[in-house]
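Structure first, commentary second.
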Amino acid sequence: MTLLQIQDLKKHFPVRRSAMEWLKRAPAQSVHAVDGISLDIAAGETLGLVGESGCGKSTVGRSIVRLEDATAGTINLNGAPITTLSRGAFRSLRKDVQFVFQDPFASLNPRMTVAQAVGEPLLNFGMTDPVERRARVAELIERVGLRPDQIDRFPHEFSGGQRQRIGIARALGLNPKLIVLDEPVSALDVSVQAQVINLLIRLQQEFGIAYLFIAHDLAVVEHISDRVAVMYLGKIVEIAEKRSLFARPRHPYTQALLSAVPVADTDVRRDKIILKGDLPSPINPPSGCRFRTRCPIVQSICAKEEPPLRPVSAAVGTHSTACHFAE
Amino acid sequence: MALLEIETLSTAFTSRQGEVLAVDRLSLQVERGETLAIVGESGCGKSVTALSTMRLLPEPHGRITGGHIRFEGRDLAGLSEADMRKVRGRDIAMIFQEPMTSLNPALTIQRQIGETVRLHMKLNKSDVRARSLEMLELVQFPEAERRLTQYPHELSGGMRQRVMIAIALACDPKLLIADEPTTALDVTIQAQILEILRDLSARLGMATLLITHDLGVVAEMAARVVVMYAGRMVEQGAVADVLRHPRHPYTVGLLAAVPKLGSSLNEGPRQSLAEIPGTVPLVRSAQTSCAFAPRCPLAVDQCRRELPPAVEVGPSHVSACWRTKDVPAMAAKLREGAL
Amino acid sequence: MNATVASTTVASTTGSAPDGLSLRDVLRHPTIMIGGSIMLIMIAAALLAPWLGTVDPQSLSGARRLKPPSTDIWFGGDMVGRDVYSRTIYGARISLMVGLSVAAISITIGLTIGLLAGFVRWVDAIVMRVMDGLMAIPSILLAVALIALTGASVANVILAITLSEVPRVSRLVRSTVLSLKERPFVEAAIVVGTPFPALLWRHILPNTLAPLLVQGSYIFAAAVLTEAALSFIGAGTPPEVPSWGNMISDGRLVFQIAPHLVIFPGVALALTVLAVNMIGDGLRDVLDPNFRAR
């Protein structure tokens, strides 16, 4: 059953013109952070969203919880149109979709105790009895692997991993159907990262929550996701069942991305595809295929025609890619 | 004689939490031309080791409290600041994680590279420019000629790191210390930078001390690796030996905690990642027992009482663990998910 | 819950306050300790003036005229025979009142304007340009002009100085709010459905108060000085009011023969400003994480 449906989502950020540009009447420009993406998330599944910095993956996540207002396109959660609802009407939907931030230090108010931080969503949605709220916070805190007697402490008394657990407890409080996880483990050390990933998987099995797992670490995404979408410069270039994607990536960008990951095994010597150059500017993205400026198999058609995201043949399950030359 | 020889180095910091011993009697050698990686989690002392070697500890909070750092036989720990300045850049160069903070935002690329060259090589103006260009081409900097006049903020992260490498290598150092050189970069850019570093150290015959938290980067870059935990070396050896046959429980845990690329291609259900319970301890004074014992599944009484010495477990492969004999069995169990 | 959240960092007296600060930490800070002690003495002197061996600061006595300090007349007498000691002590009342009032009023008004500007775009566009305009006029000129229009009185002096301080406070609050709005913990609060008033009360205000408190102490010091300066040039408190500025202004004419007329109020003024600035610096050190060693 489809829980979240994103259709042709666009988010453009206006670029501030300098006084000089304004005087010269330079045209107003915008950063095309997300430039028309569509995807679905089914109830209880994990969709991994990967890509390098600046590809727009975080903006997609932030648009789902209305931290950004979409420029165009629709997002439907259980049939409710998130993008067009008034702020007031959307507020009641917040129960269903929660968000976990990347930075476990900055995402907790330094002046609020765990009880206050984790209790805030409960209070916002009507649990006004302090005794009841405390009990629920204690329960949530225990669920994420902290001790209930720690709930009167302040964030600075916790380590990074523990703080991320607090952030997860806060997101769990309202029994959401979907949690958007924006690089939830990238700020953590590997040993702590494993703890948090295991916790997330356990919680999903327990509560049947769907995850949108946004990350740049491919191995982590592979570990946690059911399906994976790869973004490049505001577009989805490939989306597939995890096995199909990692077994046989079809898009040259996905192939390069996978081959670039250093693997902690000296026996596995893979041929690397080293891409030339940098990410082009999202203000003036290349015509046609956006990856063409760095693509090892670029042809003349790539500059003229934008390849649509289309299913590839001979794939297990669903597997779509946006390349003229993927078979 | 090794190029760099660190012997029982101890480095302490004074912080709000009081005195902290960041490095506790660490010994290691870097041979001429080789790449040695130091790997560990944040707070393990790997960066402090690098800063101690460069004598760049933040004054007055950090200081070397014991041991020797011998570079070509000369003890850097006792060198005057003036003499040390001659060593830095000329003999030993360093690149950092965040290239933006180590570049001066107000100076052009040419000025920044040129400054180092002028300072150490005493070239005239046109030679400086030629040398700068040469360096930028060495790090495969596209359109080097045009971009000499650009400022750091006009460059991408990968390009800035190239400039940093160009500056570092401008005077042909014998040792390059690279402190998490690709951590702030995206994977495709990381691949470019690692390729450049690999190529350069081979071509210039320069030794590299690579500081990283990423075992994958270690596997790709280094010949030997030192694993650090809580300021001490816990395991050391050839990269292939340490990664394939780790002999310290911490190394085993570290390897098992990281998800592997391609894990979904194995048959069977997804295995949960091995967790290392607890967190890294704060070390205040010279350790008298194994710092990893509280988190170690193999820990016995002896581990909590006595400091394990580094013992040879294979050809030039050492591990500082009382139970290193039992580690392979533990690793096997962990692989089966039984631990 | 709201009670603890709303209390400022300094006011929290519970064992472990936000940021790991307790009132004890704040009070133990050396500059706050010294500045605070001087301030306490000043406040006590102002409050207890009638019981500190003073006489009516307005009363004239021929016997005291231009008398140098002695065991009898501690700080000596001025040109018309008023007791300099009594006037200095009573002068503390004026200075402290002006300082405190200006700080309190300008913070209240500035906070309101700054919050509005931080959240409402059109208010930002209009009000902040007005504030920029006000800031372009030197504060002392602004005050002189206002006094000239409204007449000399303590209340008008307070009003005039406040007017020149409000833009500074509004700008500080506005920029703090704008940066707070982008902070992940505020976004996190929005995501969990926190209504706007609660967002303001729990997340924005408590984190704005710390820099405001520091700013407030500097405003206090500046106001004390401005009042003295205004009085000195005759555009401040009415001449008969015993304010330090008036006293220095009167005494400067006979400085050569009776320096004590300037020295005593001058020292009192300098001490007060120093004390307030010390408290401000100390608060900045303690409250601003950037100044605190990690």
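Of B:M206, C:M97, which has the most accessible area and how do the rest follow, probe 1.4 Å?
The residues order as C:M97, B:M206, largest area first.
Which of A:D182, A:D226, A:D278 ends up with the largest GNM mean-square fluctuation for chain A, with Cα atoms connected below 10 Å?
A:D278
Restricting to DSSP H runs of at least four residues, report the calculated mean residue ellipticity at 222 nm for the protein assembly as shown, -39500 (n - 2.57) per run over all residues, nearest 500 deg cm²/dmol.
That comes out to -13500 deg cm²/dmol.
Could you work out the local net charge near C:G114, counting Lys and Arg as +1, Asp and Glu as -1, over the other residues with Cβ closer than 12 Å to its Cβ?
In short, +2.
Of B:G66, B:G45, B:G237, which has the largest mean-square fluctuation in a 10 Å C-alpha GNM of chain B?
B:G66
With +1 on each Lys and Arg Cβ and -1 on each Asp and Glu Cβ, how big is the dipole of region B:1-47 about its Cα centre, in debye rounded to the nearest 20?
160 debye
Roughly how many whole Å is it from the C-alpha centroid of region B:310-339 to that of region C:61-140?
When both Cα centres are located, 74 Å separates them.
Between exposed trypsin sites (Lys or Arg not before Pro) in chain B, where DSSP calls loop and at most 10 other Cβ atoms lie within 10 Å, what's the longest gap?
B:123-339
Hey, if you put +1 on the Cβ of every Lys and Arg and -1 on every Asp and Glu Cβ in region B:1-134, which of B:S42, B:V87, B:L26 ends up farthest toward the positive end of that dipole?
Result: B:V87, furthest along the dipole toward the positive end.
With a probe of 1.4 Å, find how much accessible area chain A has per residue, and write the answer as a whole number in Å².
Dividing the accessible area of chain A by its residue count gives 40 Å².
Compute a Gaussian network model of chain C, connecting alpha carbons closer than 10 Å, and tell me which residue from C:A228, C:A136, C:A188 fluctuates the most.
Maximum fluctuation in the GNM of chain C, among the listed residues, is at C:A188.
Against the longest principal axis of chain A, how steep is helix A:160-172, in degrees 0 to 90 to the nearest 10, with axes from Cα atoms?
Roughly 80 degrees between the two axes.
Would you work out which of B:V313, B:V300, B:G262 lies farthest towards the positive end of the dipole of region B:225-324, given +1 charges on the beta-carbon of Lys and Arg and -1 on that of Asp and Glu, about the Cα centre?
B:V300
Using the Cα centre of chain B as the reference point, and only Cβ charges (+1 on K/R, -1 on D/E), how large is the resulting charge dipole? Debye, rounded to the nearest 20.
380 debye
Where the centroid of each part is defined by its Cα atoms, how far is region A:281-299 from region A:208-234 in Å?
Distance between centres, Cα-based: 23 Å.
Charges at C-beta only: +1 for Lys and Arg, -1 for Asp and Glu. How large is the resulting dipole of chain C about its Cα centre, in Debye rounded to 20?
240 debye
Considering the dipole of chain A built from charges on the beta carbon (Lys and Arg +1, Asp and Glu -1) around the Cα centre, which of A:V137, A:L309, A:Y211 is farthest to its positive end?
Toward the positive end, the furthest listed residue is A:L309.
What order do A:I141, A:I297 take when sorted by accessible area (1.4 Å probe), most exposed first?
A:I297, A:I141
Let me know the shape class of region B:108-193, please: from the alpha-carbon gyration tensor, a ≥ b ≥ c as square roots of the eigenvalues, rounded when a/c is under 1.5, otherwise prolate if a/b is greater than b/c, or oblate.
oblate
Express the accessible area of chain B per residue in Å², computed with a 1.4 Å probe while the remaining protein chains stay in the model.
That works out to 42 Å² per residue.
Are there residues in region A:177-203 whose accessible area shrinks by at least 20 Å² when all protein chains are included rather than the chain by itself, and which are they (probe 1.4 Å, ligands and nucleic acids not counted)?
Correct list: A:D189, A:V190, A:S191, A:A194, A:Q195, A:N198, A:I201.
Find the centroid of the Cα atoms in region A:135-204 and in region C:230-292, then give the distance between the two in whole Å.
Answer, in whole Å: 54.
Select from chain C the helices, each a whole stretch of DSSP H, whose alpha-carbon atoms run 18 Å or more along the helix axis and whose Kyte-Doolittle mean is at least -1.0; answer none if there are none.
Long hydrophobic helices here: C:30-47, C:84-119, C:121-136, C:154-182, C:205-232, C:260-287.
Checking the table A:K57/A:K272; A:K276/B:K46; A:K95/B:K260; A:K95/C:K181; A:K10/C:K181 against a 28 Å threshold on Cα-Cα, which pairs fail?
A:K276/B:K46; A:K95/B:K260
When a/c is below 1.5 the answer is rounded, else prolate if a/b is larger than b/c, else oblate, so apply that to the protein assembly as shown with a ≥ b ≥ c taken from the square roots of the Cα gyration tensor eigenvalues.
It comes out prolate by the Cα gyration axes.
Please state the shape class of region A:99-229: rounded when a/c is under 1.5, otherwise prolate if a/b exceeds b/c and oblate if not, all from the C-alpha gyration tensor.
prolate
Quick one: helix B:187-204 against the long Cα principal axis of chain B, what's the angle to the nearest 10°, folded into 0 to 90?
Rounded to the nearest ten degrees, it is 70.
For a quick check of understanding: with a 1.4 angstrom probe and all protein chains in place, what accessible area in square angstrom does B:E59 have, to the nearest ten?
Result for B:E59: roughly 150 Å² accessible.
Taking the Cβ of A:R290 as the centre, find all other residues whose Cβ is under 11 Å away and add up their charges (Lys, Arg: +1; Asp, Glu: -1).
Local net charge: +1.
The values are calculated or read from the model by the stated rules, or taken from the named source; none is laboratory data. Worth saying up front: this structure is predicted, and the values here are computed from it rather than measured. Cβ sites come from the backbone with ideal geometry, for glycine too, and all protein chains shown count toward neighbours. Side chains included, ligands, DNA and RNA excluded: accessible areas come from the protein's heavy atoms. Shrake-Rupley method; radii C 1.70, N 1.55, O 1.52, S 1.80 Å.
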